[in-house]
1. So what's the net charge close to L156: Lys and Arg +1, Asp and Glu -1, counting the other residues with Cβ under 14 Å from its Cβ?
2. Nearest 0.05, what FRET efficiency do E25 and S68 give at R0 = 22 Å with Cβ-Cβ as r?
3. Please give the peptides 38-45, 139-146 ranked by average Cβ packing (other Cβ atoms within 10 Å per residue), highest first, as a rough proxy for protection.
4. Using mean Cβ contacts within 10 Å as the protection proxy, how do 16-27, 74-85, 159-170 order, highest first?
5. Could you list the square roots of 5 times each eigenvalue of the Cα gyration tensor of region 1-111, that is, the equivalent ellipsoid semi-axes, sorted largest first and rounded to whole Å?
6. Please calculate how many Å² of accessible area region 1-89 carries per residue, with a 1.4 Å probe and no DNA, RNA or ligand atoms counted.
7. Could you give the length gained by full extension between T165 and K147, i.e. 0.36 nm per residue of separation minus their alpha carbon distance, to one decimal place?
8. Pairs of alpha-carbon atoms within less than 8 angstrom and 6+ residues apart define the contacts here; what relative contact order does region 1-109 have, in percent?
Amino acid sequence: MTVCNFNFKYLKDNSTPGSWRRGYEYHQKEQVAEFEVGKTGIKAKVKGNFKSFYDVELKFKKTGVETSCSCPLKEKWCKHAIAVALRAIDEHVYDDFLERRFKITPDFSDTQTEMNENPQGGYIFHFNPKRRQNFFSILVMDRNTGKVIRDIEAILKAFIAAQKTEENFELNNSQKVELAIFQLLMKN
């Protein structure tokens, strides 16, 4: 029996794009009015459009999370359930359930965001988390000046020129990552 990874990917895989987007917006706007954590799940009230509040319940199991909502939508993961689930993820409620019930220690290694070493390379890639989820927003900034780089093509041309003029030209690991990101951005 495998343990469920209750995270953003789990929610996206189990919901429609519209419900995911609207649920995320509800979560950002703090539409979850009541949020009561029990031994095996959560009972919550979420502000609604046609009704003041909808009742949402998440039931935790080792292999997944079951939902129920009093809204008229017939989706397992409606926008109200998504909003409650996102708050549960933020507060590590499912992880606490697994630890308490099954003695499974959660792994929060991916939440370590402090820099362990001095950054290298000439650019900073800044992700804008405030954007809506159906948009992708990255700013490329010069590490020395802090100015936003709008002409990514010029950077790629500079790499190519350096490779042609210098015999022993080799990118360091940070520059290789920067180049790979630039190439992906240029494709998109």
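The values are calculated or read from the model by the stated rules, or taken from the named source; none is laboratory data. No experiment lies behind these values; they were computed from the predicted model shown. No Cβ is skipped: glycine too gets one built from the backbone with ideal geometry, and neighbour counts run over all protein chains shown. For accessibility, only protein heavy atoms count, side chains too; no ligands or nucleic acids. Shrake-Rupley method; radii C 1.70, N 1.55, O 1.52, S 1.80 Å.
1. +2
2. About 0.55, to the nearest 0.05.
3. Ranking the peptides 38-45, 139-146 by packing returns 38-45, 139-146.
4. Result, highest mean Cβ count within 10 Å first: 74-85, 16-27, 159-170.
5. 23, 14, 13
6. Computed with neighbouring chains in place, this is 57 Å² per residue.
7. 3.8 nm
8. 28
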